Every structure is written in C-alpha cells, then in structure tokens.
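Engineer: Sharing a structure, written as structure tokens. Questions coming.
The values are calculated or read from the model by the stated rules, or taken from the named source; none is laboratory data. Since the model is a prediction, treat every value here as computed from it, not as a measurement. Cβ coordinates were reconstructed from backbone atoms using ideal geometry, including for glycine residues, and neighbour counts include every protein chain displayed. Remember, those area values only see protein heavy atoms, side chains included, never the ligands or the DNA or RNA. Shrake-Rupley method; radii C 1.70, N 1.55, O 1.52, S 1.80 Å.
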Amino acid sequence: MAEVRLTNVEKRYSEDAFAVKGVSFGAADGEFVVLVGPSGCGKSTTLRMIAGLEELTAGEIQIGGIVVNDLQPKDRDVAMVFQNYALYPHMTVFENMAFPLKMRKIVKPQITQQVTDAARLLSIEHLLKRKPKELSGGERQRVAVGRAIVRRPKVFLFDEPLSNLDAALRTQMRAEIKRLQRRLGATMLYVTHDQVEAMTMGDKIAVMNKGLLEQFGTPAEIYEAPASVFVARFLGSPPMNLIEGRIDGKGVFSSSALTIDVKSSESREVFLGVRPERMRLIPASSEPAKGHISGKLLLVEPVGSLTHYYVEVPESVGGTFVVSVHDRDGLPGWEATYALGETVTMEVPATQLHLFDRKSEKRLS
Ligand SMILES: Nc1ncnc2c1ncn2[C@@H]1O[C@H](COP(=O)(O)OP(=O)(O)OP(=O)(O)O)[C@@H](O)[C@H]1O
Ligand SMILES: [Mg+2]
C-alpha cells in the first residue's frame, strides 16, 4: 500500500472557472480519508486527478513517494469505484471482477484464485455466475468493490459508492467498507456529500467548498474546532447554532438576544456558535440573564432518543436556534411539556462556544 499526497493541486476547466484551487492534503499509508462537501465543490475532480483520469492545471500529486502527474492511470496502481458502479452488463459477476486481471495478462488459474478470494471477502461467491441486471443495488455495489480490490492496488478511490442505495443498506455497506479497508490495510480516498458517512468512516476528513479545502483533520478536530462558519454548519445535524453579535475586548459577547462571557480579549464583530446538543432547555425566565436566550417555540421534532426544539431567535443565522435534548437526561423529551408558540428559555454553556470573525467567517483562535 502507499501514501497519497496532494500539493497545491488545481484544476481549471476554462480560463476563469476553478473546479479545484490550491488543494493540499495527504492520506498516510493505510489511512481512510473522506472528501466531503456540497455538490459541485470539486470532490470528483480531485479524485479523478488522483486516478489520472483528469490532468492537473497546477500542483503535484504523489503516490508512494513518486510524482504521478504524468503517469497513465494504469501505471498508478490505483482502483476506482464509481457512483454508478460501471459494471459491464453483458458479463457475469465473475467476468466483471476478472476484467482488470485479464487486462494485465494474469494467467487463468491465478485469476480464478484472486476473484474467488475477493468474492469470499465480500460474501458474493454465490453470485459469480449472474449478470449485473440479476442483482440488487447492494449486490451490484459489492461487485464493483470486488472488481476494485481483486488486484490489490496500492490505493482505492471511491466516488459516492453508496448514493444509489436505500438508507438501511447504506448504513450496512458503510460498516462493511470500513471493515474491508481495515482488513486490507488499504489506503483509501472516499468521496461523499453525506456528513454522517464522513464522520463515521474517515480517519481524516477533507472538507471542500467551492473548489477550496476548508479544513483537513480528524472527525473530532473538525467537529470540536471547525475552521470556518461553512465547516461549522456543514458537519453536525442539526447544524451548529450561530448568532451575530460583537465581542467587546473585555471578554463579553453581546447581541440583542444573548449576552455571555467568552474567552477572547479581542474586540470585533463575530458569529458566536454553539451546538444544539450542548444547550439545555431551562424553566422560562422573564429576566434576561447571562448565557440565557429566550424565544418562541416554533417546532418540536422527536427523532427517537433525541428531540430537537426549534426556537425563534433574532439575529441568529436562519432565524432559529435548535436545542437537542436526550430523553434520558431527565429533561423533557417525547412528552414535551412545551406548547408551540410558548416562550422557552435556553441555557448556553460558557465552555462550549465557537467564535468566528463576521467578515472572513474564519474561526478566531
Ligand atoms: N468536464 C468538465 N468541464 C467543465 N466543468 C466541469 C467538468 N467537470 C466538472 N466541472 C465543474 O467543476 C466543478 C466541480 O465538479 P465536481 O464534479 O468535481 O464536483 P463534485 O464535488 O464531485 O460534485 P457532486 O457532489 O455533485 O458530484 C463543478 O462546478 C463542475 O460544474
Ligand atoms: Mg462528484
């Protein structure tokens, strides 16, 4: 297996339109790196440049310490799984999986051995004689993965391989792919726009936005210290609550709806952020108190072990704050005692705050 490294990688399809701009990050040997971001942010383009299916406009890509910019896809020793699987419809599962080996002129007994091994690993031995149209979506997905792993390449590139599957199967395949990656000790770059997939599968996450790399780090780093407003709102569901206000140079944040102590001696316009699950609903207070924020209850959303409360808050991004309450906290969960339209009070914990510059939208240290 091998390490992958991108240095200032750029892709321009036309003079003025960047698809990818100044992107640098790496996947260590055996690491699982997820590229995540909204539609059109440059995820597939980045992956295709690593695979050699797209030329770089600028920058450098290394695989296993070797610059591969000018190498053909077949000489890079990478395997890619596409969103639509791209299986050959007229070939059986066996023939589909054997195809990359045949192309490399591997002898027949060895092809049979490697296909059988891969099929066993993916529990699809019983499907080897079928054609793709005789398979379910999940089975097709496994075959596509099988075709990628059969020749044990240095690096796996997966582009949204689960997006055609239903929610339950996606959860199952998510775990399977992660286990498979561990078992093979493979270096993997995995594209998704699903933040849950990113958080659960990645050793590291690369968050992209409009062709730029917004942040690169472990899921915990990205969740606990998002580098920008974009990252703060992209990872986490419901997203982080943000409210406009200013910090006064003496460690106090204020806006019309909320005043709270912060650990910053700067003076500037900011967004203050707090995650829904870090806040609490408390008995309604009529007196405004530090760290308390009151508003009209707009919506209650029970999702099982959690209940989300949407509260109208002036100056907040999107006009609402969300509080997520665990039913086992002894706090109101399912059997909420609050009525829609009622004024409720939320407590913002002083230790769980994020500050972002209002103009640049970057995190303040
Ligand atoms: N062949 C092409 N010619 C011109 N522009 C392209 C081409 N391929 C992609 N783009 C543009 O480059 C940008 C990035 O595209 P890319 O496919 O990498 O996005 P993505 O992050 O994979 O999005 P999605 O989640 O929708 O798959 C988009 O604005 C897209 O329109
Ligand atoms: Mg894409």
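Engineer: Which net charge results when you count Lys and Arg as +1 and Asp and Glu as -1 among the other residues whose beta-carbon is under 11 Å from that of GLY211? Please list the in-between numbers first.
Structural biologist: Values: positive: LYS11, ARG12, LYS21, LYS43, LYS210; negative: GLU10, GLU214.
That works out to +3.
Engineer: How large is the Kirkwood hydrodynamic radius of the stretch 78-126, counting all unique pairs of alpha carbons, in Å?
Structural biologist: One decimal place: 11.6 Å for the Kirkwood radius.
Engineer: Another question, if that's okay. Go through ILE61, GLY42, LEU135 and say which Cα lies farthest out towards the positive end of the charge dipole of the stretch 4-229; charges sit on Cβ, +1 for Lys and Arg, -1 for Asp and Glu.
Structural biologist: LEU135
Engineer: All other residues with a Cβ under 15 Å from the Cβ of PRO132 taken together, and with Lys, Arg as +1 and Asp, Glu as -1, what is their net charge? If you can, show how the numbers build up before the last one.
Structural biologist: Values: positive: LYS129, ARG130, LYS131, LYS133, ARG140, ARG142, ARG147; negative: GLU95, GLU134, GLU139.
Once positives and negatives cancel, what remains is +4.
Engineer: Ok, one more. What ratio of Cα Rg to 2.2 N^0.38 Å holds for the stretch 257-365? Walk me through the intermediate numbers first.
Structural biologist: Details: Rg = 14.4 Å, N = 109, 2.2 N^0.38 = 13.1 Å.
In units of the 2.2 N^0.38 Å rule of thumb, it is 1.10.
Engineer: If you count, for each residue, the other Cβ atoms within 10 Å and average over each peptide, how do 298-304, 259-265 line up from highest to lowest?
Structural biologist: Values: 298-304: 12.6, 259-265: 16.0.
In decreasing order of mean packing, 298-304, 259-265 become 259-265, 298-304.
Engineer: Please report, for the Cα atoms of the stretch 25-151, the Rg to one decimal and the Dmax as a whole number; what are they, in angstrom?
Structural biologist: Cα only, the stretch 25-151: 16.2, 46 Å (Rg, Dmax).
Engineer: Right, another one. What does the net charge come to around THR345 if you take all other residues with beta carbon closer than 12 Å to its beta carbon, with K and R at +1 and D and E at -1?
Structural biologist: Every neighbour counted, the sum reads -1.
Engineer: Oh, and also: Which percent of the accessible area of the stretch 137-259 is formed by carbon and sulfur heavy atoms (probe 1.4 angstrom)? Don't skip to the answer; put the middle values down first.
Structural biologist: Working: 2180 of 4390 Å².
For the stretch 137-259, the apolar C and S fraction of the accessible surface comes to 50 percent.
Engineer: What ranking, highest mean first, results for peptides 159-167, 194-202 when packing means the other Cβ atoms within 10 Å averaged over each residue? The partial results should precede the final answer.
Structural biologist: Details: 159-167: 16.9, 194-202: 19.7.
Averaged packing, sorted descending, gives the order 194-202, 159-167.
Engineer: Now for a different question. Using the charge dipole of the chain (Lys, Arg: +1 at Cβ; Asp, Glu: -1 at Cβ; taken about the Cα centre), state which of SER265, SER360, TYR223 has its Cα farthest towards the positive end.
Structural biologist: TYR223
Engineer: To the nearest Å, what is the center-to-center distance of the stretch 260-301 and the stretch 342-365, using C-alpha atoms only?
Structural biologist: 7
Engineer: Among LYS102/LYS129; LYS21/LYS178; LYS204/LYS362, which pairs are too far apart, with a Cα-Cα distance over 27 Å?
Structural biologist: Details: LYS102/LYS129 17 Å; LYS21/LYS178 29 Å; LYS204/LYS362 20 Å.
Listed pairs above 27 Å: LYS21/LYS178.
Engineer: Using the 2.2 N^0.38 Å rule of thumb for compact globular proteins, work out how the stretch 143-288 stacks up: its C-alpha Rg over that value, please. Walk me through the intermediate numbers first.
Structural biologist: Working: Rg = 20.4 Å, N = 146, 2.2 N^0.38 = 14.6 Å.
Computed over Cα atoms of the stretch 143-288, the ratio equals 1.40.
Engineer: Need one number for the stretch 169-252: average projected area of the convex hull over its C-alpha atoms, nm². Numbers along the way, then the final one.
Structural biologist: On the way: hull surface 29.6 nm².
Averaged projected area of the stretch 169-252's Cα convex hull equals 7.4 nm².
Engineer: Within the chain, what percent of beta bridges assigned by DSSP are antiparallel, to the nearest 5? Let's see the in-between values first.
Structural biologist: Values: 58 of 76 bridges.
About 75 percent, rounded to the nearest 5.
Engineer: Where the only charges are on Cβ atoms (+1 Lys, Arg; -1 Asp, Glu), what is the dipole of the chain about its Cα centre, to the nearest 20 debye?
Structural biologist: Working: 46 positive and 44 negative charges, 340 e Å.
The calculation lands at about 1640 debye.
Engineer: Moving to a separate point now. Mind checking the dipole of the stretch 239-357: about its Cα centre, +1 per Lys or Arg Cβ, -1 per Asp or Glu Cβ, Debye to the nearest 20? If you can, show how the numbers build up before the last one.
Structural biologist: Working: 10 positive and 16 negative charges, 49 e Å.
About 240 debye.
Engineer: What lysines does LYS105 reach when the alpha-carbon gap must be under 21 Å and sequence neighbours fewer than 8 apart in one chain are set aside?
Structural biologist: Answer for LYS105, where 21 Å is the Cα cut-off: LYS74, LYS154, listed by chain and number.
Engineer: Quick check for you: with a 1.4 Å probe and neighbouring chains kept, what is the accessible area per residue of the chain, in Å²? If you can, show how the numbers build up before the last one.
Structural biologist: Values: 17060 Å² over 365 residues.
For the chain, the per-residue accessible area is 47 Å².
Engineer: Continuing with this model, one more query. Kirkwood hydrodynamic radius of the chain from all distinct Cα pairs, in Å? The partial results should precede the final answer.
Structural biologist: Working: mean 1/r = 0.0435 Å⁻¹.
It works out to 23.0 Å.
Engineer: Between the stretch 5-72 and the stretch 95-165, how far is it from one alpha carbon centroid to the other, in angstrom?
Structural biologist: Rounded to whole Å, the Cα centres lie 26 Å apart.
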